[in-house]
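Student: Before anything else, here's the structure in question.
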Amino acid sequence: MVKASKSGEPKANLVEIPHSVAVRQLADLMQVSAIDIIKQLMRDGIFANINQVIDYEAAAAVAAAFGYEAQLKPLAVSGESRRYRYREEELGGLRLRPPVVTIMGHVNHGKTRLLDAIRQTNVMDTEAGGITQHIGAYQVEVNGQKITFLDTPGHEAFTAMRARGAQVTDITILVVAADDGVMPQTLEAIDHTQAAGVPIVVAINKIDKPEANPELVKQQLADAGLVIEEWGGDVVCVPISAKQKEGISELLENLLVVAEMEELRADPSRPAVGVVIEAELDKSKGPLATVLIQTGTLKVGDTVVVGGAWGRIRAMFNDMGKRVRRAEPSMPVEILGLNSVPQVGDTLTAVAGEHQARALIQKHQQERPPKAVSLDNLYEQISAGQVKELDVILKADVQGSIEPIRSSLERLVTDEVQVRIIHSGSGNITESDVMLAIASKGLVIGFGTSAEAGARRLAEVEGVDIRLYDVIYNLVDDVEKALKGMLEPHYVEVIEGRAELKAVFSSSKKGKVAGVNVAEGKVSRGASVRVRRGEQIVYESVVNSLRRFKDDVTEVTAGYECGVGIKDFNDFEVGDILEFFRRERAG
Ligand SMILES: Nc1nc2c(ncn2[C@@H]2O[C@H](COP(=O)(O)OP(=O)(O)OP(=O)(O)O)[C@@H](O)[C@H]2O)c(=O)[nH]1
Ligand SMILES: [Mg+2]
């Protein structure tokens with residue numbers, strides 16, 4: 001994946017790394033041995049095995065150690081995030097298919113333990129020795145009916161998949177520990193699931209614990225808008241103990257009931273369509289992909305297009321690593337025979353032959369991701385009929401700010417469009433917020449808060465609009481103007497760098513000078529600067545002097561120390577963070 005730089009001059013050491021990457025995959029990208037990468041990670045204090053997924057930050061640090069410059073790889077979004085849509089004439093062949101289930105919930109509430117408990121109590125293929133699972137999904141059988149479980153728990157993976165244009169989950173199990181109750185990640189999981197329109201089944205876990213309080217959990221769920229059946233709502237709720245394997249069969253039976261209401265159907269008689277949930281390059285077998293079949297039946301010998309890859313299926317393996325000749329709807333299978341490694345989220349389509357395969361690949365390459373919504377192009381998109389609902393992710397400094405902003409925004413209904421807050425919470429803007437914005441084609445609004453570095457980078461690469469405000473009136477006013485097409489072209493803030501203040505010096509001419517270490521990006525003379533102290537912004541001004549040792553310089557980049565003077569400001573304190581930025585006209 002060595003890429004030419006934008007200027008056209010070849011830059012041999014640039015490597016594009018996805019938002020998260022397995023150690024093995026990183027090794028392939030940089031063409032170094034995975035062992036060397038594991039060793040380097042250890043030096044950074046990360047103990048990873050070859051299949052472990054590490055985040056971009058960690059991967060970029062490793063890349064730097066090997067002389068590569070890392071760059072975040074954009075997600076390959078193709079078309080809209082949705083399930084397979086049937087044409088009228090296809091409806092006759094539809095049959096019920098197993099539901100595809102993802103488990104979500106707060107840290108330590110028992111997601112992994114529940115996945116294991118289900119696998120151990122209900123694996124179909126006991127002769128294969130029980131529980132050695134080979135791929136990132138498995139199927140169980142309950143009363144003769146199948147259920148498919150995806151192996152990556154958590155709403156991050158779920159939304160990342162949607163952001164790539166694929167929706168595979170039919171039902172979410174929301175695990176809430178009865179001794180801990182509804183927590184921030186529980187609420188986030190609810191919002192991420194509901195933004196996708198996926199039904200939730202609640203599993204109240206750890207009921208074996210003496211301090212378990214399921215009644216309190218039910219109350220907290222109701223407060224979060226999930227009213228369980230027992231209380232007159234429509235949310236199915238099952239008390240379980242993943243540890244003692246109690247309540248597991250009740251949970252599975254309830255999943256089948258919800259699945260039945262959802263009328264999940266597919267046509268096993270048509271050529272297969274599926275989604276890639278895992279992909280890797282195997283040294284001996286070549287490109288491997290785990291695919292979840294969404295409709296149709298995939299057979300050995302079929303010609304398939306998978307994203308930008310294609311090939312004839314040479315062999316297929318089920319979740320137990322057993323060779324199979326066919327895969328029906330909702331079944332996960334590992335396939336062999338592709339000419340290159342596809343990306344997670346890519347669509348698999350069975351085609352008639354090589355000719356059709358080439359045509360489809362060409363179409364895939366030409367597909368442009370749909371334009372993201374921003375306040376600047378909102379009116380244009382409303383007018384073009386592309387937007388009927390403005391989805392907003394709202395993050396605020398404190399919980400108390402959220403309600404007044406929510407109600408003001410939701411009141412801004414026009415004939416064409418309404419504003420919907422699909423997720424809100426207090427704290428920084430995170431990568432998960434930006435992912436949700438990509439998946440829902442929404443925008444992120446921050447009030448009195450800021451965006452984390454990873455979130456800013458992801459938003460920049462994917463073209464997601466992050467708007468930061470400190471005054472509610474301005475926030476609501478901007479959204480209202482955008483809805484009506486009256487928003488003046490605005491200036492976006494581009495953060496250029498960050499530095500940490502290590503010492504304060506006195507200079508006879510310039511007053512106080514901050515001795516800093518540039519941690520990120522760069523500082524340049526004349527840049528706008530903001531002095532942050534903890535949660536507070538102390539001052540905003542411009543850099544009016546910049547020195548390295550005794551020399552005046554115009555720019556200092558990350559990793560170096562320098563002296564920074566700020567116009568009309570002297571009250572530096574060690575530990576302050578200087579944030580350098582410029583304003584740029586958007587659009
Ligand atoms: N007593 C009791 N402990 C449980 C139960 N389910 C899980 N645990 C314990 O709770 C801890 C967390 O469980 P995990 O399954 O790792 O939780 P998780 O949600 O996957 O956690 P993360 O992956 O870190 O988000 C472990 O020590 C489990 O053994 C249960 O039903 N009862
Ligand atoms: Mg876990």
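The values are calculated or read from the model by the stated rules, or taken from the named source; none is laboratory data. What you are looking at is a predicted structure, and each value in this text was computed from that prediction instead of being measured. Note: ideal-geometry Cβ built from the backbone for every residue, glycine included; neighbour counts use all protein chains shown.
Student: Any residue at all in the range 129-141 that's modelled with pLDDT of 65 or more, among the β-branched types (Val, Ile, Thr), within 23 Å of VAL291 (Cα to Cα) and not in a strand (DSSP E or B)?
Tutor: yes
Student: Another question, then. Does the range 14-27 include one or more residues that are part of a helix (DSSP H, G or I), at pLDDT 90 or above and of a type in the set (S, T, N, Q)?
Tutor: The answer is no; no qualifying residue exists.
Student: Now for a separate question. Residues being part of a strand (DSSP E or B) and touching a residue at least 60 places away in the same chain (Cβ under 8 Å): count how many of those fall in the range 515-556.
Tutor: 2
Student: Is it the case that some residue within the range 199-207 is more than 27 Å from the chain's Cα centre (by Cα), under 16 Å from ILE103 (Cβ atoms) and within 16 Å of ligand 2 (Cβ to nearest atom)?
Tutor: Checked against the condition, which is being more than 27 Å from the chain's Cα centre (by Cα), under 16 Å from ILE103 (Cβ atoms) and within 16 Å of ligand 2 (Cβ to nearest atom), the range 199-207 yields at least one hit.
Student: Just the residues that are of a type in the set (A, V, I, L, M, F, W, C), away from ligand 2 (no atom under 14 Å from the Cβ) and more than 18 Å from the chain's Cα centre (by Cα), please, taken from the range 141-169.
Tutor: VAL142, ILE147
Student: May I ask you to list pairs of residues, at least six apart or on different chains, whose Cβ atoms are under 8 Å apart, with the first in the range 102-121 being more than 6 Å from ligand 1 (Cβ to nearest atom) and the second being at pLDDT 95 or above and small (Gly, Ala, Ser)?
Tutor: If the second residue must be at pLDDT 95 or above and small (Gly, Ala, Ser), the pairs left are MET104/ALA189; HIS106/ALA177; HIS106/ALA189; LEU114/ALA203; LEU114/ALA242; ASP116/ALA242; ALA117/ALA242.
Student: Please specify each residue of the range 175-185 satisfying the condition of being touching a strand residue (DSSP E or B) at 6+ places or on another chain (Cβ under 8 Å), at pLDDT 95 or above and either more than 11 Å from ligand 1 (Cβ to nearest atom) or on the phi > 0 side of the Ramachandran plot (or both).
Tutor: VAL182
Student: Name every residue in the range 36-52 that is out of contact with any Leu (no Cβ under 9 Å at 6 or more places or on another chain) and either buried (at least 17 other Cβ atoms within 10 Å of the Cβ) or of a type in the set (Lys, Arg) (or both), in order of residue number.
Tutor: ILE38, LYS39, GLN40, LEU41, ARG43
Student: Can you go through THR172, THR186, THR193 and tell me which one is within 24 Å of LEU436 (Cα to Cα), part of a helix (DSSP H, G or I), hydroxyl-bearing (Ser, Thr, Tyr) and within 16 Å of ligand 2 (Cβ to nearest atom)?
Tutor: THR186
Student: Select from the range 150-175 the residues that are crowded, with 22+ Cβ neighbours inside 10 Å and of a type in the set (D, E, K, R) and write down the one among them that is farthest from MET104 (Cα to Cα).
Tutor: Top of the filtered list is ARG164.
Student: Within the range 85-101, restricting attention to residues that are more than 16 Å from ligand 1 (Cβ to nearest atom) and buried (at least 17 other Cβ atoms within 10 Å of the Cβ), which residue is modelled with the lowest pLDDT?
Tutor: Step by step, filter the range 85-101, then rank; the result is LEU94.
Student: Are there helices (runs of 4 or more DSSP H) fully within the range 377-473 with at least 1 residues that are touching a residue at least 12 places away in the same chain (Cβ under 8 Å) and over 24 Å from the mean Cα position of the chain (by Cα)? List them.
Tutor: 378-383, 399-410
Per-residue answers, yes or no, for (1) crowded, with 19+ Cβ neighbours inside 10 Å; (2) touching a helix residue (DSSP H, G or I) at 6+ places or on another chain (Cβ under 7 Å); (3) over 28 Å from VAL235 (Cα atoms):
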site	(1), (2), (3)
LEU251	yes, no, no
VAL257	no, no, no
LEU264	yes, no, no
ASP267	yes, yes, yes
ARG270	no, yes, yes
VAL275	yes, no, yes
ASP282	no, no, yes
GLY286	no, no, yes
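Student: From (1) in a strand (DSSP E or B); (2) at negative phi, pick out the condition that doesn't hold for LYS509.
Tutor: Here LYS509 meets the rest and fails (1).
Student: Condition (residue is touching a residue at least 60 places away in the same chain (Cβ under 8 Å) and away from ligand 1 (no atom under 16 Å from the Cβ)) applied to the range 296-312: is it met by at least one residue?
Tutor: Taking every residue of the range 296-312 in turn, at least one turns out to be touching a residue at least 60 places away in the same chain (Cβ under 8 Å) and away from ligand 1 (no atom under 16 Å from the Cβ).
Student: Sort through ALA289, ALA315 and tell me the only one that's touching a Lys or Arg at 6+ places or on another chain (Cβ under 7 Å) and not in a loop (DSSP other than H, G, I, E, B).
Tutor: ALA315
For every residue, the table says whether it meets (1) surrounded by 15 or more Cβ atoms within 10 Å (Cβ to Cβ); (2) at pLDDT 90 or above; (3) on the phi < 0 side of the Ramachandran plot.
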residue: ALA384; (1), (2), (3): no, no, yes
residue: LEU390; (1), (2), (3): yes, no, yes
residue: LEU394; (1), (2), (3): yes, yes, yes
residue: SER408; (1), (2), (3): yes, yes, yes
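Student: Out of all the residues in the range 262-288, which are more than 28 Å from the chain's Cα centre (by Cα) and free of Cβ contacts under 8 Å to residues at least 40 places away in the same chain?
Tutor: Of everything in the range 262-288, those that are more than 28 Å from the chain's Cα centre (by Cα) and free of Cβ contacts under 8 Å to residues at least 40 places away in the same chain turn out to be LYS283, SER284.
Student: Does the range 196-245 hold any residues that are of a type in the set (S, T, N, Q) and not in a strand (DSSP E or B), and which are they?
Tutor: ASN213, GLN219, GLN220, GLN244 - these are the residues of the range 196-245 that are of a type in the set (S, T, N, Q) and not in a strand (DSSP E or B).
Student: Here's something else I'd like to know. Quick one: ALA64 ticks every box in (1) under 17 Å from the mean Cα position of the chain (by Cα); (2) over 26 Å from VAL257 (Cα atoms); (3) at pLDDT 80 or above except a single one, so which number is it?
Tutor: (1)
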